[in-house]
Amino acid sequence: MVDKHIKLGTLLVQYGLISEEDLDDGLKLQKLMGLRLGETLVKIGKLTEENVQWVLSKQYDIPFIIIEHVNLDKDLIMKLPKNFLLENRILPLFETDEEVSIVTEDILNYTAFSFIEGVFNKKVSISIGEGKKIEEVLNRFFNQDAMPSLLSVLEVLVKKIKDTFFYRIDIVISNYMCEISVYGCGILKKITTINSSLKKEDVLRTFDLLKIPFLYEIHENYSKVIFCIYPISTFVSELQYPSIIGGYGLAMTNFLVFSDTRSSDISNLIYSEEPVYGYPYLALKKRNIQYDKVIYTPDSFQGGFYKFFVKMFLPRKCNFCKSVGCSECDELGYFSERLEGLYTDQEIRDFLSMRGNNE
Ligand SMILES: [Zn+2]
């Protein structure tokens, strides 16, 4: 790949805007300062931003855009990830059937352009504009955005999954976006994508704002943070204590105890005095606790009990929308059938095998 910074530097020297020495200084300092070459040269007073853009627009015969005059196309901007736009200082301008028009300070940023081409499956048409101004406009645009939209999505979602078999909300945060799904009974249902990155704390803070006690697990790798969130209020309001909630939790009279979601029996309990914010907590190894009421999900059903009070919500695909989501099924794509009362192992197994729509 061509090193775009050296290429820009060479151009500047050719146009007599800087000397070879300035260029060398600029390239060295650029690394130290962690900036682009153009920015670095502007910072150390060798160039003005207009110089840089003038060179580029002359050399490549590219239109120069005054950012202040741009009318923002909100829908178009939202089609690209926030961090991508900010990191690359790219402002999408408009879209036609054939191409997407953008303004950038860095017309040699081929990696970014091909990303955009991939997203729209259209050619990218480039204009040049002042990077700092692009960033300002984008920041103003996005700052009204991410947390409130997560809040409003979750506000609705937590109500919707109450009394359904969906008992977990998954929030997957990557650099550029945030995907929200619900999970239960082996069904992962994608709800929405927020085209904007969030911090871990944003997610926790959002739940605090919702005033919902919840359990969460975090799985992290180099590119993603995966939150698995269990809003216990969706179950707890109907419970009498002490009770078990599925394979993932146990609520007792004066405190809440939670189990490792991946443990196959309720042996690894996690205890907290407070309605729980967090996982893991102090682990209490206890077995054979007596429970009056149990809520199981088919996911967590392990068997090995006789005539327990059981409450299960069983999914059945919505016939109207075939799981796409409609008002008939509360927009989650499934009806929830209830199994509630005293049952034996075998009765539950029979019920589950009759169901046969788990996919
Ligand atoms: Zn439906």
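Derivation of every value follows stated rules applied to the coordinates shown; laboratory data play no part. The shown structure was predicted, so the numbers you read here are calculated from the model rather than taken from an experiment. Every residue, glycine among them, receives a Cβ derived from its backbone with ideal geometry; neighbour counts consider all protein chains shown.
Under 5 Å between amide hydrogens, which residues at least 5 positions from Gly325 or on another chain qualify, with H placed 1.01 Å from N in the peptide plane?
Under 5 Å from the amide H of Gly325 lie the amide H atoms of Gly333, each far enough along the sequence or on another chain.
May I ask you to derive the relative contact order of region 146-232, considering only C-alpha pairs under 8 Å and at least 6 residues apart, and to give it as an integer percent? Could the numbers behind the result be given before it?
On the way: 147 pairs, mean separation 27.3, N = 87.
Reported relative contact order: 31 percent.
Check each of the GluC sites (Glu not before Pro) in region 48-120 and keep only those in coil by DSSP with at most 16 other C-beta atoms within 10 angstrom; list them in order.
Working: sites: Glu49, Glu50, Glu68, Glu87, Glu95, Glu98, Glu99, Glu105, Glu117; in loops: Glu98, Glu105.
Counting only loop positions with at most 16 other Cβ atoms within 10 Å, the GluC sites (Glu not before Pro) in region 48-120 are Glu98.
Return the long-range amide H neighbours of Val70 (sequence gap of 5 or more, or a different chain), with a cut-off of under 5 Å between placed amide H atoms.
Long-range HN contacts for Val70: none found.
Fewest Cβ neighbours within 10 Å first, please rank Tyr176, Tyr343, Tyr110, Tyr230 accordingly. Before the final figure, lay out the partial values.
Values: Tyr176 18, Tyr343 21, Tyr110 13, Tyr230 24.
Least to most surrounded, the residues fall as Tyr110, Tyr176, Tyr343, Tyr230.
Once amide H atoms are built 1.01 Å from N in the peptide plane, which residues 5 or more positions from Val124, or in another chain, come under 5 Å H to H?
Answer set, sorted by chain and number: Val100.
Tell me, Val156, Val100, Val124 in order of fewest to most beta-carbon neighbours within 10 Å?
Details: Val156 13, Val100 23, Val124 20.
If I rank by nearby Cβ atoms, fewest first, I get Val156, Val124, Val100.
How large is ³J(HN,Hα) for each residue in region 117-134, as worked out from phi by the Karplus curve 6.51 cos²θ - 1.76 cosθ + 1.60 (θ = phi - 60°), to whole Hz, x for Gly and Pro?
4, x, 5, 8, 6, 9, 5, 9, 10, 10, 10, 10, x, 6, x, 4, 5, 4
Give me Val324, Val137 ranked fewest to most by other Cβ atoms within 10 Å of their Cβ, as a rough exposure proxy.
Val324, Val137
For region 1-60 and region 121-197, write down the distance between their C-alpha centroids in whole Å.
Each part's Cα centre sits 36 Å from the other's.
For region 4-60, what does the relative contact order come out to in percent, with C-alpha contacts under 8 Å and a separation of six or more?
Values: 37 pairs, mean separation 19.0, N = 57.
Result for region 4-60 is 33 percent.
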